1. For residue 183, are the conditions met, namely being basic (Lys, Arg), free of Cβ contacts under 8 Å to residues at least 40 places away in the same chain and either crowded, with 17+ Cβ neighbours inside 10 Å or touching a strand residue (DSSP E or B) at 6+ places or on another chain (Cβ under 6 Å) (or both)?
2. I'd like to check something: does segment 91-99 contain any residue that is of a type outside the set (Phe, Trp, Tyr), assigned by TED's automatic domain parsing to the domain that holds residue 10 and within 15 Å of the chain's Cα centre (by Cα)?
3. Can we say residue 18 is touching a residue at least 40 places away in the same chain (Cβ under 8 Å), aromatic (Phe, Trp, Tyr) and surrounded by fewer than 18 Cβ atoms within 10 Å (Cβ to Cβ)?
4. So, of the residues in segment 158-180 that are more than 20 Å from residue 148 (Cβ to Cβ) and of a type in the set (Gly, Ala, Ser), which turns out to be nearest to the chain's Cα centre (by Cα)?
5. Given (1) outside any strand (DSSP E or B); (2) more than 30 Å from residue 94 (Cα to Cα), identify the lone condition not met by residue 168.
6. Report yes if residue 102 is among the basic types (Lys, Arg) and surrounded by fewer than 22 Cβ atoms within 10 Å (Cβ to Cβ), otherwise no.
7. What pairs come out if I take residues in segment 94-107 that are free of Cβ contacts under 8 Å to residues at least 60 places away in the same chain and more than 19 Å from residue 41 (Cα to Cα) and pair them with residues that are assigned to a strand (DSSP E or B) and of a type outside the set (Phe, Trp, Tyr) whose C-beta lies under 9 Å away, six or more apart or interchain?
8. How many residues are surrounded by fewer than 20 Cβ atoms within 10 Å (Cβ to Cβ), touching a strand residue (DSSP E or B) at 6+ places or on another chain (Cβ under 8 Å) and under 14 Å from residue 135 (Cβ atoms) when one looks only at segment 148-180?
Amino acid sequence: MQFSGPIVRPATDADSVFIEVTVGCTHDACTFCNFYKGYPFRVVDIEKIEGDLQEASRLYPHAKRAWASGGNPLALSMDRLTEIGKLFKKYLPEANIATYGRINDFYQKSVEDLRQLKELRFNDIVIGIESGDDEVLEAVNKGYTAEDIVRECKKIEEAGMDYRVIYLGGLAGLGKAVISAKRSAEIWNQIHPHYMYLTTVSVLPDTELYEEMKAGKFTEETELERIQEFREFLRNLNNKITVDAVTSTNGVTFRARLPEEKNKLIQELDKFILNYSKEYEEAMQWRRSVTRTV
């Protein structure tokens, strides 16, 4: 089994069987992302996918989770996804197929199409929504709007397909975190993912956002602002959802079920903000070391 592109997946899917389905991302233009630089989007040959699945079936015949690797395999046509889904079902019959999808991957797929994909065990899709604030979505060139997010997620829900989402804090920039968080919560309250990865951006070299920062067009939020953004977003969130903020990019980490643990979580974040110190800000300088100009 060989991979010709980077394997990018959530930490929660680390125990899945990885099968490369596509290489690269159809968009590959988000200003903060360099995951797929140097890997133009392409579809893996069906023969290679089947060969990898044959190998996987010998090693893990009873696997319950599979990850269709690639930037956004759901961009593929229904015919190709159906062909791929049937192969997964043949060789890993007990496995659900999770993968990444972009909001615009669903534009040309009907609710019935999504139902068919779920029958083939495509489920628990991960969508990097990042923000529900149209100003942020435009600034980072996500390629869709908040209205698009709501429309397409409602289609996914109508099809009965489970999905997870990513909220990427810090994208609004200095001084804009709280208002952006409120705008995002308004959009999140109209959709119903069951799980959310709550993380925060690191401005990486070889990205457009990095160049904007060097040119003075973008200023990072402080560590305190990032935590205030999380707090404001969660305070305004009414969803029944699991929030997973356990990632190395966050200044505070937690995992919580909302609404059951919401009040306790907000209280803990308020306490952290109240006791925030300059020493903590200095301790988080590792993020600055990542983005420092060499």
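The values are calculated or read from the model by the stated rules, or taken from the named source; none is laboratory data. In this text the structure is predicted, and so the values were computed from the model without any measurement. Note: ideal-geometry Cβ built from the backbone for every residue, glycine included; neighbour counts use all protein chains shown.
1. Details: basic (Lys, Arg): yes; free of Cβ contacts under 8 Å to residues at least 40 places away in the same chain: no; either crowded, with 17+ Cβ neighbours inside 10 Å or touching a strand residue (DSSP E or B) at 6+ places or on another chain (Cβ under 6 Å) (or both): yes.
So residue 183 does not fit the description; no.
2. Of the residues in segment 91-99, the ones of a type outside the set (Phe, Trp, Tyr) are 92-99.
Retained after the next criterion (residues that are assigned by TED's automatic domain parsing to the domain that holds residue 10): 92-99.
With within 15 Å of the chain's Cα centre (by Cα) added as a condition, the list becomes 98-99.
For segment 91-99, residues of a type outside the set (Phe, Trp, Tyr), assigned by TED's automatic domain parsing to the domain that holds residue 10 and within 15 Å of the chain's Cα centre (by Cα): present.
3. Numbers: touching a residue at least 40 places away in the same chain (Cβ under 8 Å): yes; aromatic (Phe, Trp, Tyr): yes; surrounded by fewer than 18 Cβ atoms within 10 Å (Cβ to Cβ): yes.
Considered against the rule, which asks whether it is touching a residue at least 40 places away in the same chain (Cβ under 8 Å), aromatic (Phe, Trp, Tyr) and surrounded by fewer than 18 Cβ atoms within 10 Å (Cβ to Cβ), residue 18 comes out as yes.
4. The qualifying residue nearest to the chain's Cα centre (by Cα) is 169.
5. Result: residue 168 fails condition (1) only.
6. Working: among the basic types (Lys, Arg): yes; surrounded by fewer than 22 Cβ atoms within 10 Å (Cβ to Cβ): no.
So residue 102 fails the test.
7. 96/65; 96/66; 97/19; 97/65; 97/66; 97/68
8. Of the residues in segment 148-180, 0 are surrounded by fewer than 20 Cβ atoms within 10 Å (Cβ to Cβ), touching a strand residue (DSSP E or B) at 6+ places or on another chain (Cβ under 8 Å) and under 14 Å from residue 135 (Cβ atoms).
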